[in-house]
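What follows is calculated from the coordinates using simple rules that are stated; it is not laboratory data. Keep in mind that this is a model prediction, so the values were computed, not measured. Backbone-built Cβ (ideal geometry, glycine too); neighbour counts: all protein chains shown.
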Amino acid sequence: MVSALPVPAVIKSIRPLTTDTSLFMLHTEPGHPVASSFLPGQFLELSLPGVGAIPVSYCGYPSADGSIELCIRHVGHVTASLKVALPGDAVGVSGPFGRGFPLLSFAGQDLLLIAGGLGMAPLRSLLLELLKHSELFGRLILLYGARETGALLFLEELLEFKKRGAIELHLGVDHPDFCLVGPPDCRVALLPALLDRLDIDPGRSSAAICGPPVVYPQLVSSLRLQGMSDDRIHLSLERRMKCGVGRCGHCAVGTLLCCVDGPVFSNEDLAGIEGALT
Amino acid sequence: MAIHFIADHNLEALLERLRRYGELHAPVRGDDGVVRFSLLIPGIIPDLTALRTLLPPKKYLLHPRETILSYTSEAGYQLPVEISPPLIMFGLHPCDLAGINYLDRIFLGDEPDPLYAARRSATTLIGVACTPDELCSCQQILSPLKALSDLFLSNVEGGFAVASGSPRGDELLEGIKDILEEQEGDMPEDSRRFFGHAVSEQPRHELDVTLPEWQEYADKCLGCGACSICCPTCYCFDVLEFSGLDGRSAVRVRQWDNCLFKSHAQVAGGMSFRKDRAERFRYRYLHKYRSFGTLHGIPSCVGCGRCRVVCPTGIDLRPLAERLEEVHHG
């Protein structure tokens, strides 16, 4: 079990990505496991002194020099205060917590990453890791949907990966208003619809999904219709994780604890559990 | 077989002797008629006949509200330094002992919770036998939880038979041996017979959410959370942080939380994962009878009956549990 005691970290830079979402670069003790040894899909607890602590997914690479990238949407008590934070401000970090994506089981597979909105943050961490060892994997396909083109995170980076031929990218937005000025090939379609025209080999593919809970049931049923088995469908669940170590009692999914047994679960793990996919 | 016997008229002498080992707390009936675990002042007789105190002994191990981290801009986040004075808890019934056993499994282990571990190691548990009443269910549900104590007192004619359950208990027995009598006889039948049973390792099917009872219970439930506050094994806590007025310090506290409250499953942005009272009610049921995480399969209900006493609408989960769980009828 990882110590829940936060270690000091400093905000190095803040880059607004959209109107409500920013990329924070933090720096903590070099070599500390909170920065150096996490799996994509795991999370850390970010403490803002005097305000509170929140679970945040990693969105970058593990780093030995103490750097941590976090993608923060300013919607809650702590994240609203982070909106007025400045480079140089002190924060605390602890982790890594939970279970991430099962990278070992992905070897030799085609990977289908499906991100909705802010769900791109943990999947970016996964994507970067997969690209680093791309020779171990087959096709890397990313389906990414957001409210509107302006809300697509890391767009330049993703288009660059696509240009290099490193990934197959399928973008979609909910609202047509701004799509005309959007990136090439961006469709006006809800996330599950992006799956329709996709040609995948369900027997040699795995899916990694992170997005708003509302899209999960439809994504899962579409993937199953295409023949993908439940053990190949991996979902990152959001719950109210207050302690990160399985003790505060808030984040249970059935009798599984999101903070310890998840937040990444295979659909097989979630079979029959009420409210797992809402 | 010989037993250690302490006569009723030596009870006060025993209590006086126990005070040498730490602060003595026991069930005491207040002027308001409420029985509470509280400091036992010399001259006050503990109420050993009351079957249940209003709050369970968890209040000593997990304070209703406590500082878990303190922050200063110079030192960062630090664990609190708390000195736990020795505490002797006298008069714990088997259900409360089993409740502490459950909390131990959550808060001790690989990485013990520092506050809980410090208080727990400073605590001596002295149990007293009891006879279950119609609100108890310790005699109905097989539980793998163990009603462990350092000393345990069982009623016998004219006094108590005293048994040690730990090296700490042996030490206490040695310290009180001059007020004990060695008598021929057998230890009375163990009233803890429904604790310490192996339960089936078979994975159980998920709860059937379509049962009409869920909504019927939810319609009666006011969502007040009294059942959780009084439950010896409800440990959910909320985590809050408060800034110091100097702007350079802060404290992080945890306080008892309640899964029947709407806020319990709410995340940033207002979305809740348990919007309906029936879902919240089922969450509580799940925790009480199936447990979460590593304790999956171990019922946390120890059958003390407090939830039935305090529920303003008289909700009793036993009929439902009898249908959905493996229940032993004694």
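Observations, loosely collected:
- Over the protein assembly as shown - Rg/Rh using Cα atoms and the Kirkwood inverse-distance radius: 1.04
- Peptide packing: for A:83-90, B:12-19, A:234-241, the average count of neighbouring Cβ atoms within 10 Å per residue gives the ranking A:234-241, B:12-19, A:83-90, highest mean first.
- Oblate is the label for chain B, because a/c, from the alpha-carbon gyration tensor with a ≥ b ≥ c as root eigenvalues, is 1.5 or above and a/b does not exceed b/c.
- Neighbourhood charge, 14 Å Cβ-Cβ cut-off, centred on A:Q226 and excluding it, Lys, Arg +1 and Asp, Glu -1: -1
- Both radii are taken from the alpha-carbon atoms of segment B:42-139; with Rh as the Kirkwood radius, Rg/Rh is 1.06.
- Beta bridge orientation in the protein assembly as shown: antiparallel %, DSSP, nearest 5: 65 percent
- With the biggest extent put first, the Cα atoms of segment A:103-266 measure 48, 36, 31 Å across the principal axes.
- Fully extending the segment from A:A90 to A:R164, taken as 0.36 nm per residue of separation minus the present Cα-Cα distance, adds 22.8 nm.
- Of the trypsin sites (Lys or Arg not before Pro) found in segment B:206-266, the ones in coil according to DSSP and having at most 14 other Cβ atoms within 10 Å of their Cβ are B:R248.
- Span per principal axis, largest first, for the Cα atoms of chain A (Å): 49, 44, 35
- A dipole drawn for the protein assembly as shown from +1 and -1 charges on Cβ atoms has a positive end, and of B:A118, B:F152, A:P263 the residue lying farthest that way is A:P263.
- Fraction of antiparallel bridges per DSSP, chain A only, in percent to nearest 5: 60 percent
- Listed peptides B:93-100, A:66-73, A:14-21 by packing density, highest first (mean Cβ within 10 Å): B:93-100, A:66-73, A:14-21
- At R0 = 35 Å, FRET efficiency that the Cβ-Cβ distance of B:L222 and B:I41 yields, to 0.05: 0.45
- The DSSP beta bridges internal to segment A:1-160 are antiparallel in roughly 80% of cases.
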